[in-house]
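A short write-up of the structure that comes next.
The values are calculated or read from the model by the stated rules, or taken from the named source; none is laboratory data. Remember, predicted model here, so these are calculated numbers, not experimental data. Glycine gets a Cβ as well: all are built from the backbone with ideal geometry, and neighbour counts include every protein chain shown. Keep in mind that these areas ignore ligands, DNA and RNA; they rest on the heavy atoms of the full protein, side chains included. Shrake-Rupley method; radii C 1.70, N 1.55, O 1.52, S 1.80 Å.
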Amino acid sequence: QLQLVESGGGLVQPGGSLRLSCVASGSTWNTYAIGWFRRAPGKEREGVACISASGDSTNYADFGKGRFTISRDSAKNTMYLQMNSLKPEDTAIYYCAAQIGLFRGCVLSSEFEYDYWGQGTQVTVFS
């Protein structure tokens with residue numbers, strides 16, 4: 001059983017930055033892709049970014065390209081989502097999710113392929 005816990009959300013002014021963290025526990029085998037998803041109030045959950053198990057491949061949603069950066073520190077079992085130039089429309093609950101047993105690449109378009117999810121962390125961008 002893989003457990004994921006997000007942190008780092010909060011209140012930030014437009015144009016500001018946040019770095020979200022996702023700590024994985026409960027598994028000694030570090031072979032899983034990680035995806036970051038978000039859900040704004042009244043909207044469907046959408047993919048933000050994902051990173052492969054080895055960290056050599058990433059995918060980003062169009063709205064995050066040039067602003068968001070996903071990374072992982074395997075030694076710490078921690079994944080990150082660095083968000084810069086935040087906009088009010090980035091306000092959402094952000095979730096990290098793991099797809100186990102995936103050695104190459106990552107899937108951003110289908111959330112249903114992910115096996116484990118964290119509880120989410122709230123990001124609010126306001127002026």
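Odds and ends about this structure:
- Rounded accessible area per residue of the chain, 1.4 Å, Å²: 51
- Accessible surface of the stretch 31-127, 1.4 Å probe: 47 percent of it comes from carbon and sulfur atoms.
- Both radii come from the Cα set of the stretch 54-125: Rg as radius of gyration, Rh as Kirkwood radius; their ratio Rg/Rh reads 0.94.
- Nearby lysines by direct alpha-carbon distance to Lys87 (threshold 20 angstrom, same-chain neighbours under 8 apart not counted): Lys43, Lys65
- Its residues counted as N, the chain yields a C-alpha radius of gyration over 2.2 N^0.38 Å of 0.97.
- Label-reachable residues, the stretch 73-87, where backbone N falls under 19 Å from a point 7 Å from Asp56's Cα toward its Cβ: 73-75
- Cα→Cβ-extended label distance, 7 Å offset, between Ile100 and Asp73, nm: 2.5
- Between the listed residues Ser71, Tyr114, Ser54, the Cα displaced farthest toward the positive end of the dipole of the chain, a dipole computed from Cβ unit charges relative to the Cα centre, is found at Ser71.
- Available extension along the chain between Ala40 and Ser110 is 23.5 nm, counting 0.36 nm per residue and deducting the alpha carbon span.
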